[in-house]
Amino acid sequence: MPKGLTAETDGMAIMPDGRIVAGFHRGEIMIYNPKTKTWKLFAEGIHDPLGILAVSNSEILVMQRPELTRIKDTNGDGVADEYLTVTDDFGLSGNYHEFAFGPIRDKKGNLFIALNCASSGAGIFPEVRGKLDTLGRPGRMYSAVPYRGWIMKLTATAARTDGKLHPYASGFRSPNSIGFDANGNLFAADNQGDWLGTSKLYHVQEGRHYGHPASLLWKDGFPHVTPSKLPVKLLDSLRTVESVAFPHSRIANSPTQPVLDDTGGKFGPFSGKMLVGEMDHPYLIRLMLETVDGHIQGACAPFLAGVGLRKGNNRLAFAADGSLWLGQTDHGWAGDRGIQHVRWKGKTPLELADMKLTPTGFVLTFTQPLDAATAKQLTNYQFQRYYYEYHEAYGSKQFDVKPVPVTNAELSADGRTVTLKLAELKAGYIYELELGKLRSRTQQSLLNHLICYTLNRLQRNTQANP
């Protein structure tokens, strides 16, 4: 990193020519050239640049705390000389926790940003931007100005994306960045806290509410009441549940940016899947999603654990060569500073590639054919299930923890797929699987043993009865 830089990496993106543009907590936007291994200051004076979108080799969009900003080098000297407000049509109370994340662009050119709630650890400044409504003030995390706790959509005009900012979805506490999957579905990872028993990944859809009540104050037509004072049963009925719950400490304490592996296999055997950053553990999170009964749910697992990855993985960006750049920060969290670069060496590890629900259990697909003797041992598949409670308190213990026996394990002819039958499947639970000493046919050991599947909906049996 550049000498003298406080390398708390807030935002990061890859430019079309392969250079890396990174934003740092104290306001610098810098560009790194991997070919020459040199840094150049591109812009400065930016307030918490927690998201960057590269428009071209001379223009970026930056989500800073007060606004979404277009920053451009107009004369080709490598230094920005034009700073334009794209939108600032959202409230600010001056609270330190009013972070802003994004932007990301959909296939139609619309932009999406995410707005953090404020924290009761600090107050509201005498001068605010936007309407101040103190009914939104009670609670550990609060929303006293619009649209704290919302994901917002900036519509595209014919020429460029600087149209009108629209409230898109509510109910977020601290959604540290957003991302699209291969099908254009929008996802946000939210952090454990009040009203979040554990950290979660949401499939974000327009008009939906995702659980943290503070932002309901700014929903059109919602009664003018303090949302957090409403009965928990009522608030529970208003929310859309997560696609994936990240069990606290087991998988994630503070998830960050979801990113799609769109490398076409250049990064290894997980192309088309999504990764999520994680602040407090020295690994990433790998997602295995599927659609069940019309809703997205699925599994998560640690990824790149024990290979030298540091903590504080705040921003992720895939380069054209298939390598992954990781921007790290420790600002107020248990992280590290700087940027790491990860390349696949070309050797396929023995890993769980996918996990899918069946009417009676799960189908596990592996990256390599398994040794039949170990694959058929039921003791190598240890399940337990539990859930986290939806309540106002900070976090939640695990409720109704119960082991679930595997009654049958069937190995496919090619050795890559194991079909498990469980003694019980129950909706509304996380099914945590600890894999045992599975080996490949070439006696390669399994890298990761922990997988957690969020079973919101059961798989219907589509086969006709005999």
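The values are calculated or read from the model by the stated rules, or taken from the named source; none is laboratory data. Since we're looking at a predicted model, the values are computed, not measured. Positions of Cβ are backbone-derived with ideal geometry, glycine not excepted, and every protein chain shown enters the neighbour counts. Just so you know, the surface numbers come from the protein's heavy atoms only, side chains and all, with ligands and any DNA or RNA stripped out. Shrake-Rupley method; radii C 1.70, N 1.55, O 1.52, S 1.80 Å.
Miscellaneous remarks
- Which numbered condition HIS25 fails, given (1) farther than 29 Å from LEU92 by Cβ; (2) of a type outside the set (Asp, Glu); (3) touching a His at 6+ places or on another chain (Cβ under 7 Å): (1)
- Hits in the range 397-450 (condition: on the phi > 0 side of the Ramachandran plot and open to solvent by 50 Å² or more (accessible area, probe 1.4 Å)): ASP400, GLN443
- Hits in the range 382-396 (condition: part of a strand (DSSP E or B) and open to solvent by 60 Å² or more (accessible area, probe 1.4 Å)): GLN382, TYR387, TYR394
- The lone criterion from (1) over 16 Å from THR358 (Cβ atoms); (2) in contact with a strand residue (DSSP E or B) (Cβ under 8 Å, 6 or more places away or on another chain) left unmet by THR417 is number (1).
- Some residue of the range 338-350 being closer than 15 Å to ILE285 by Cα, open to solvent by less than 40 Å² (accessible area, probe 1.4 Å) and not small (Gly, Ala, Ser): yes
- Taken over the range 219-245, the criterion of being open to solvent by 50 Å² or more (accessible area, probe 1.4 Å), closer than 25 Å to THR454 by Cα and outside any loop (DSSP other than H, G, I, E, B) is satisfied by VAL232, LYS233, LEU234, ASP236, SER237, LEU238.
- Of all residues in the range 47-60 being among the small types (Gly, Ala, Ser) and assigned to a loop (DSSP other than H, G, I, E, B), the one that is surrounded by the fewest Cβ atoms within 10 Å (Cβ to Cβ): SER56
- Pair list, Cβ < 6 Å and 6+ apart or interchain, from the range 64-92 residues that are more than 23 Å from TYR32 (Cβ to Cβ) to residues that are part of a strand (DSSP E or B) and small (Gly, Ala, Ser): ARG65/ALA100
- Those strands (runs of 3 or more DSSP E) lying entirely in the range 327-366 with at least 1 residues modelled with pLDDT of 95 or more and of a type in the set (Lys, Arg): 352-357
- Some residue of the range 122-142 being surrounded by fewer than 17 Cβ atoms within 10 Å (Cβ to Cβ), β-branched (Val, Ile, Thr) and not in a loop (DSSP other than H, G, I, E, B): yes
- Qualifying residue in the range 65-77 (condition: surrounded by fewer than 24 Cβ atoms within 10 Å (Cβ to Cβ), within 21 Å of the chain's Cα centre (by Cα) and not in a strand (DSSP E or B)): yes
- Tabulated pairs, the range 236-249, first closer than 16 Å to TYR394 by Cα and in contact (Cβ under 8 Å) with a residue 12 or more places away in the chain, second assigned to a helix (DSSP H, G or I) and open to solvent by 50 Å² or more (accessible area, probe 1.4 Å), C-beta under 9 angstrom, 6+ apart or interchain: none
- Pairs where the first residue, in the range 25-46, is part of a strand (DSSP E or B) and the second is open to solvent by 50 Å² or more (accessible area, probe 1.4 Å), C-beta under 6 Å, 6+ apart: MET30/TRP39; MET30/LEU41; ILE31/ARG19; ILE31/LYS40; TYR32/TRP39; ASN33/ARG19
- When the range 1-33 is limited to residues that are among the small types (Gly, Ala, Ser) and within 19 Å of MET63 (Cα to Cα), the one that is surrounded by the fewest Cβ atoms within 10 Å (Cβ to Cβ) turns out to be GLY27.
- Residue check for LEU216: assigned to a helix (DSSP H, G or I), more than 26 Å from LEU53 (Cα to Cα), open to solvent by 10 Å² or more (accessible area, probe 1.4 Å) and of a type outside the set (D, E, K, R): no
- Selected residue (criterion: farthest from the chain's Cα centre (by Cα)) from residues of the range 278-293 that are without any contact (Cβ under 8 Å) to a residue 40 or more places away in the chain and either at positive phi or open to solvent by 10 Å² or more (accessible area, probe 1.4 Å) (or both): THR291
- Against the criterion of being within 25 Å of PHE318 (Cβ to Cβ), of a type in the set (Asp, Glu) and at pLDDT 95 or above, ASP73 qualifies.
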